[in-house]
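Structure record follows, encoded as structure tokens.
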Number of protein chains: 2
Amino acid sequence: MGKEKTTRAVTILDVAAAAEVSKSTVSLVLKNSPLIPAETAERVREAARKIGYVYNSRAGELRGKTSKTIGVIVNDLTNPFFAEILVGVERKLVEAGYIVLMAHTNEDVERQNTVLRTMREQGAAGLVLCPAYGTPKTLTKEVESWGMPLVVMVRTLGPGKYDFAGADNERGIYAATRHLLDAGHTRIGFLGGRTGVVLEQRLKGFRAALAERDIAFDEDLLVAAQPTRKGGHETMSALLDKKPRPTAAVCYNDVVAFGALSALGERGLRAGQDFALMGFDNVQDAAHSNPPLSTIDIRPGELGEHAAAILLDRIQTPARARQTYLADPQLVLRQSG
Amino acid sequence: MGKEKTTRAVTILDVAAAAEVSKSTVSLVLKNSPLIPAETAERVREAARKIGYVYNSRAGELRGKTSKTIGVIVNDLTNPFFAEILVGVERKLVEAGYIVLMAHTNEDVERQNTVLRTMREQGAAGLVLCPAYGTPKTLTKEVESWGMPLVVMVRTLGPGKYDFAGADNERGIYAATRHLLDAGHTRIGFLGGRTGVVLEQRLKGFRAALAERDIAFDEDLLVAAQPTRKGGHETMSALLDKKPRPTAAVCYNDVVAFGALSALGERGLRAGQDFALMGFDNVQDAAHSNPPLSTIDIRPGELGEHAAAILLDRIQTPARARQTYLADPQLVLRQSG
DNA sequence: CTGAAAGCGCTTACAG
DNA sequence: CTGAAAGCGCTTACAG
């Protein structure tokens, strides 16, 4: 109904007038305060409905110095791993009554700084950040100095004290490599990844498994590339040209593995019979790739939920001890290796 | 520096005192008003920096009745198509100085209503919505009655007057089908999709292409399922059991096609040689699937950017005529068909 | 070019 | 149980 002029908004004052109470009473009703008798509350609610009142959270939050928005910053939504994480974070946050201010950095530190500032100005109640490559380790301290709760996701940011949610990368890749080793492979490639702590951790697991079996680590079988399908394709193509040809590979992540599957197919090879391939992450797609991918399950969605839960905890209890969630990597065997 | 008590925030009043000007001057400087001489402005900025001032957009926006946040609501980030769209929307919006309030509905209309309300209360300047299945057609009118600019994405919401960004589904699938027909296929399946306008439009294109070649539409070759990899796997498996066995299929979208590729591989069949398969969307993954997918390119990222651009237009010029962006579908041939 | 004043829409003690 | 009052941090005419 009502062709309203854009000028004047309907406020609690109008509701108060309509319900014949004071505006404080209206405010109390809106917060379901037990101070207000049910009858009065109902009358107020009815009046609000009738005149088309909508709560203005900005005003409320400004006055109350609270905030129901949380910034979440991711770097590569094009990788289903991060998309699944984001979904997990968002779900948990919305359940808790928050709303997410989301930004995509595309691995650009500049852009990350921009959105970080914007979110601060917007008065976000906290931040969930998967730092872009090249983020200075000092960022956690800086955000802390803002008085803003922060949980870092997936990529650690040095040894400082901050909340973190990620995966046990070393142990995960160790398990994947170990699986390949147990199957009798000895010339095993490592595909994809170019930089960052996560790569270091995964490589460490790779080397550890090899060392345990007294297999020399062959630099030549470590082929670096962007952690994308394209990178996976390139690295697998390169790997297949090595002599003698490796018989297996562990990939930096699932997306790299998908690209590798493509390169294999291109040469008429099929993972699982002609070559053994392991991914990492267990994104949903892994169950239906061609062939289905054997991988390390770190449950990305859950990871996101944990990150959100940690942040929520910190917001409620600022003094609480630092929390860390490390997804326990599980080997899931499908057909690729 | 400065161990600040959480209690009192640094405001423009403090900046004003530090720079020895009035608070209006500070406000003007912050907006880069030409009214303020460069020297004064510099002094103010310096003071702000020194005392660690950070702008409070909520206060500013409340007072100025403006907003720099835009709600974007998507339904399935697990599908790279939507992830790529979101990235496009976000990029465009951030470039324009906005920040995105993001929500994931997971095709749940209830949840969509919740976030819609929250975004309204948060005072979003506008909305980009990819409606969940089952969204009432009246939603566009309702949002309009809120005075909130809205652009609907991907799935139309009836014939009403609203801004829209999507793709020419009918023409796209027509082209895909046509391609298969030209290659000599006559028993062609249609895989995946269960409900919604997009499916209707795509099916229409499918039938049109068939009709043009006087090929009877065979209900039996239309196999419905969720538009997911899993759905693709199921439907392709089912299709391969039909007698006589179809030789080609067009999929509801790429994700379905990926699942179909998996099912094909499972039976020792390879798309492109043993079976011709067409996707739809051309998500990035399509270039490196196994084998690379022939598909219809509707440039998801661009679609998102257009949606954002339309919204920005509408915000600037509320009275402007309704705009529609329909991605022009391009056939891209890779190896699957 | 700069200052004093009013006000955005709400919340929160504080009286009564 | 309800009302009057102050104030969150900013912006915007309006004087001067």
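See the values below:
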quantity: Residue B:142, sole failed condition from (1) crowded, with 19+ Cβ neighbours inside 10 Å; (2) part of a helix (DSSP H, G or I); calculated: (1)
quantity: For residue B:106: the one exception among (1) of a type outside the set (Val, Ile, Thr); (2) within 16 Å of DNA strand C (Cβ to nearest atom); (3) open to solvent by 70 Å² or more (accessible area, probe 1.4 Å); calculated: (2)
quantity: Residue check for residue A:165: more than 12 Å from chain B (Cβ to nearest Cβ), crowded, with 16+ Cβ neighbours inside 10 Å and touching a His at 6+ places or on another chain (Cβ under 7 Å); calculated: yes
quantity: Residues satisfying the stated conditions in region B:10-31, i.e. part of a loop (DSSP other than H, G, I, E, B), hydrophobic (A, V, I, L, M, F, W, C) and either open to solvent by 50 Å² or more (accessible area, probe 1.4 Å) or at pLDDT 95 or above (or both); calculated: B:10
quantity: Residue ID - farthest from DNA strand C (Cβ to nearest atom), chosen from residues in region B:56-67 that are assigned to a loop (DSSP other than H, G, I, E, B) and surrounded by fewer than 17 Cβ atoms within 10 Å (Cβ to Cβ); calculated: B:66
quantity: Those residues of region A:107-125 which are at positive phi and within 19 Å of the chain's Cα centre (by Cα), in sequence order; calculated: A:107
quantity: Scope region A:272-322; condition under 20 Å from residue A:140 (Cβ atoms), surrounded by 24 or more Cβ atoms within 10 Å (Cβ to Cβ) and within 14 Å of chain B (Cβ to nearest Cβ); matching residues; calculated: A:304, A:308
quantity: Residue in region B:24-36 that is on the phi > 0 side of the Ramachandran plot and near DNA strand C (Cβ under 10 Å from one of its atoms) present; calculated: no
quantity: Any hit, region B:110-127, residues being more than 16 Å from DNA strand D (Cβ to nearest atom), buried (at least 18 other Cβ atoms within 10 Å of the Cβ) and in contact (Cβ under 8 Å) with a residue 60 or more places away in the chain; calculated: yes
quantity: Check on residue B:235, within 14 Å of chain A (Cβ to nearest Cβ) and open to solvent by less than 40 Å² (accessible area, probe 1.4 Å); calculated: yes
quantity: Criterion violated by residue A:217 - all others in (1) more than 26 Å from residue A:159 (Cα to Cα); (2) part of a helix (DSSP H, G or I); (3) not β-branched (Val, Ile, Thr) satisfied; calculated: (2)
quantity: Condition broken by residue B:158, with the remaining ones in (1) closer than 24 Å to residue B:282 by Cα; (2) open to solvent by 20 Å² or more (accessible area, probe 1.4 Å) satisfied; calculated: (1)
quantity: Only one of A:331, A:264, A:326, A:303 that is part of a helix (DSSP H, G or I) and either over 23 Å from residue B:273 (Cα atoms) or of a type in the set (D, E, K, R) (or both); calculated: A:303
quantity: Count of residues meeting criterion [within 14 Å of chain B (Cβ to nearest Cβ) and either surrounded by fewer than 19 Cβ atoms within 10 Å (Cβ to Cβ) or more than 30 Å from residue B:101 (Cα to Cα) (or both)] in region A:32-50; calculated: 1
quantity: Some residue of region B:71-91 being open to solvent by 70 Å² or more (accessible area, probe 1.4 Å), part of a helix (DSSP H, G or I), more than 11 Å from chain A (Cβ to nearest Cβ) and more than 15 Å from DNA strand D (Cβ to nearest atom); calculated: no
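The values are calculated or read from the model by the stated rules, or taken from the named source; none is laboratory data. Just so it is clear, the structure is predicted and the values come from calculations on it, not from any experiment. In this analysis, Cβ positions are derived from the backbone assuming ideal geometry, glycine residues included, and neighbour counts consider all displayed protein chains. Note: areas computed on protein heavy atoms with side chains; ligands, DNA, RNA excluded. Shrake-Rupley method; radii C 1.70, N 1.55, O 1.52, S 1.80 Å.
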